[in-house]
1. Once the label point is set 7 Å along the Cα-to-beta-carbon vector, what list of distances in nm do you get between residue B:76 and its counterparts in the other copies?
2. Based on the inverse mean of 1/r over its pairs of different Cα atoms, what is the Kirkwood hydrodynamic radius of segment C:1-54, in Å?
3. Using a 10 Å Cβ count of at most 14 others and DSSP loop calls, identify the longest part of chain C lacking such trypsin sites (Lys or Arg not before Pro).
4. Output the 0 to 90 degree angle, nearest 10, between the alpha-carbon long axis of helix A:78-95 and the longest principal axis computed from the alpha carbons of chain A.
5. Please report, for the Cα atoms of chain C, the Rg to one decimal and the Dmax as a whole number; what are they, in angstrom?
6. In chain A, what residue has the beta-carbon at the shortest distance from the axis of the rotation relating A to C, and what is that distance in angstrom, rounded to the whole number?
7. Connecting C-alpha atoms closer than 10 Å in a GNM of chain D, tell me which of D:171, D:58, D:11 has the biggest fluctuation.
8. Give the average, rounded to an integer, of partner chain Cβ atoms located within 10 angstrom of each Cβ in C:140-152.
Number of protein chains: 4
Amino acid sequence: MTINKQHDILSVALKLFAERGYDGTTIPMIAKKAKVGTGTLYHYFKSKESLVNFLFQSCIEKFSEVMQKDFPYSTTDVPEQFRHVFFQMVKFTKIDIHALLFIDSHVNQYYLNEQSNKVFNDFLNVLRELLDKGIVQGVIVNLPSDALIAIVYGAFVRLYKIIEAGELEESEEIINGVEECCWNAIRI
Amino acid sequence: MTINKQHDILSVALKLFAERGYDGTTIPMIAKKAKVGTGTLYHYFKSKESLVNFLFQSCIEKFSEVMQKDFPYSTTDVPEQFRHVFFQMVKFTKIDIHALLFIDSHVNQYYLNEQSNKVFNDFLNVLRELLDKGIVQGVIVNLPSDALIAIVYGAFVRLYKIIEAGELEESEEIINGVEECCWNAIRI
Amino acid sequence: MTINKQHDILSVALKLFAERGYDGTTIPMIAKKAKVGTGTLYHYFKSKESLVNFLFQSCIEKFSEVMQKDFPYSTTDVPEQFRHVFFQMVKFTKIDIHALLFIDSHVNQYYLNEQSNKVFNDFLNVLRELLDKGIVQGVIVNLPSDALIAIVYGAFVRLYKIIEAGELEESEEIINGVEECCWNAIRI
Amino acid sequence: MTINKQHDILSVALKLFAERGYDGTTIPMIAKKAKVGTGTLYHYFKSKESLVNFLFQSCIEKFSEVMQKDFPYSTTDVPEQFRHVFFQMVKFTKIDIHALLFIDSHVNQYYLNEQSNKVFNDFLNVLRELLDKGIVQGVIVNLPSDALIAIVYGAFVRLYKIIEAGELEESEEIINGVEECCWNAIRI
DNA sequence: CATGAATGAGACTTCATTCAT
DNA sequence: AATGAATGAAGTCTCATTCAT
């Protein structure tokens with residue numbers, strides 16, 4: 001038996017939601033894989049919706065934390081800061097790729113509540129600020145920061161989707177290459 | 001009455017699948033929006049699964065057609081060819097953004113059959129060839145072509161996701177800028 | 001094309017009802033096997049129920065006709081009359097075994113109307129009279145005629161069920177033997 | 001509340017299947033009569049088909065058990081053994097007439113699986129052996145044992161069908177009379 | 001806390017029947 | 001007369017949720 005059933009439920013649910021989507025994942029599926037009774041699930045979460053929202057918010061939170069860990073506030077060198085953020089994203093993904101894919105496929109869905117949407121938007125703001133600073137400094141192309149995020153984040157997520165699907169094997173070389181690509185995409 | 005009920009069903013289903021996912025979309029939902037009886041749907045498609053597979057394959061087919069339309073075979077200039085493909089993708093998306101988002105969110109899902117997966121893979125091969133040619137010519141960075149596709153396609157799709165979500169307004173300026181970004185990402 | 005669609009519908013329906021029962025047989029099944037459109041069926045019969053009732057009544061009628069054909073009214077010899085009826089039943093079954101099995105499995109069912117039930121009861125009365133006469137004459141055992149009919153008719157139908165199922169091959173020898181058995185069962 | 005919902009479901013389903021046939025009986029019908037939710041039915045049985053197969057096999061099993069209970073193995077007197085089997089069938093029918101009628105109307109139907117067919121065939125073999133022994137001893141008429149079973153079993157079932165339909169009142173006298181008829185039918 | 005039997009709303013699907021052609 | 005597309009009621013089955021143990 002595991003010490004923490006809640007933890008088991010969360011990690012199983014995250015994986016299943018990431019793989020099959022919210023509606024394609026059933027409570028019995030989660031319960032069975034987490035080796036708990038279906039009723040147990042309802043001791044920890046009021047409903048399926050509250051579970052998905054809890055997961056979403058805590059994933060964003062962890063993602064945000066990792067991304068800001070050891071952030072080089074001291075410097076004003078945007079390329080260095082971009083580099084830092086990128087490799088922290090890599091680090092986060094290595095810890096829990098399902099969290100990345102879960103976030104990606106659940107953003108803006110009809111079952112997310114206001115709080116989830118707010119948390120996600122706050123998270124985006126951190127990135128927006130970084131990029132806007134680069135635009136002002138003239139080191140990043142002058143496009144709406146949301147578009148720039150879409151480019152970098154879109155590329156990043158899709159890369160890990162094909163890695164997770166087994167269509168590409170992860171290697172330091174490739175990751176470094178992709179980082180360069182992403183920076184080249186948006187730098188002036 | 002509409003001339004073609006099958007067409008109505010397909011276009012409604014495409015939109016709903018793109019917005020809510022396969023499992024989040026119900027047959028009654030589709031039927032109601034398409035203004036047909038639920039039974040009618042089953043005159044045209046054997047099952048919900050056969051509907052989603054039909055849609056998937058025909059979307060890929062259309063996408064593939066548009067992308068290869070007027071392709072500059074005469075030249076060997078990869079940048080020009082890349083540019084062509086990119087703007088054909090833009091054209092396709094303008095015709096039917098739901099098709100783009102539908103494809104993106106349904107690739108590799110458990111309800112797709114072998115034929116759907118094959119059709120999608122064939123489609124990717126066209127892109128792979130183009131990029132591999134560029135790598136050989138030394139004008140595109142030497143990374144696995146799947147990674148390069150992920151970068152460009154991932155960026156592209158995510159851009160249109162936020163446009164569709166109303167978080168960014170489409171403009172020729174932005175699209176041109178993004179095209180430049182994408183090319184800069186992968187060129188040497 | 002067949003001359004008579006109604007005939008095709010009836011013969012297909014009879015066979016299917018006999019094999020799969022009323023509820024296990026669908027209108028599309030019948031239409032397809034009879035090579036007509038489903039709508040065509042409704043030109044000949046008001047509803048599925050009216051079709052099954054029509055079939056039931058016409059089967060009983062034919063059965064009754066055959067059984068009374070060349071009936072030896074001149075004699076009062078019950079054994080001879082019994083023999084006649086038995087072999088007329090054999091003759092009827094040889095013409096259309098499905099009719100026999102259809103009648104057997106549809107008697108007394110909830111979808112039969114009053115008229116069908118009446119027709120069947122009238123048919124039984126003919127048999128009852130014959131057996132009652134034999135009882136009065138002291139050549140048939142003194143049991144309720146319905147019980148005697150159940151014995152003979154039950155034996156007869158079940159015999160042809162296993163013949164139809166391919167578990168027994170019909171032969172004159174066996175039929176003669178069974179006739180003897182049936183007579184021995186009820187004679188004094 | 002009842003102690004055993006599964007038992008309630010089974011007994012209600014047996015009765016309804018016997019009366020209306022498999023396709024004429026719906027899951028909501030069964031659930032309502034058994035006073036359970038429709039979903040409950042699916043906790044006990046995977047599908048309607050698995051329910052009917054389970055019922056079929058357990059009915060045959062019970063029937064077989066009752067028929068072989070206290071079988072006079074010590075004697076080689078076939079008439080006595082026949083008599084025993086017949087009255088054990090009567091006993092079984094008195095316990096659960098629906099089981100008898102259910103078996104009769106569901107044999108060989110398209111929804112029965114291989115196991116069900118096998119169980120039924122094994123059951124028939126017991127009867128075949130008994131009759132074959134009688135034929136060898138020269139006390140039973142020389143006809144294929146399947147034909148003899150058809151005669152006796154067909155007569156027996158049909159008798160109880162009309163009793164169940166209220167067209168004949170059961171009495172010891174009649175049952176004894178019918179037993180004599182059945183024996184007379186097949187003895188030499 | 002933990003469970004899983006129980007439930008009924010609602011999912012997918014079928015089918016008797018109608019009707020425009 | 002003949003058709004089959006169209007329909008919605010009703011069938012089988014699933015699933016989020018509750019609750020007695």
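No lab work stands behind these numbers, since they all come straight from the coordinates. Just so it is clear, the model here is predicted, and its values are computed rather than measured. Cβ coordinates were reconstructed from backbone atoms using ideal geometry, including for glycine residues, and neighbour counts include every protein chain displayed.
1. 4.9, 10.0, 11.7
2. Working: mean 1/r = 0.0920 Å⁻¹.
For segment C:1-54, inverting the mean 1/r across all distinct Cα pairs yields 10.9 Å.
3. Numbers: sites that count: C:35, C:46, C:69.
Longest stretch, sites excluded: C:70-188.
4. 20
5. Gyration radius and largest Cα-Cα distance of chain C: 18.1, 57 Å.
6. A:26, 16
7. Checking each option, the largest mean-square fluctuation is seen for D:171.
8. Details: counts 0, 5, 2, 8, 7, 1, 8, 12, 5, 4, 13, 12, 6.
Mean inter-chain Cβ contacts per residue within 10 Å come to 6.
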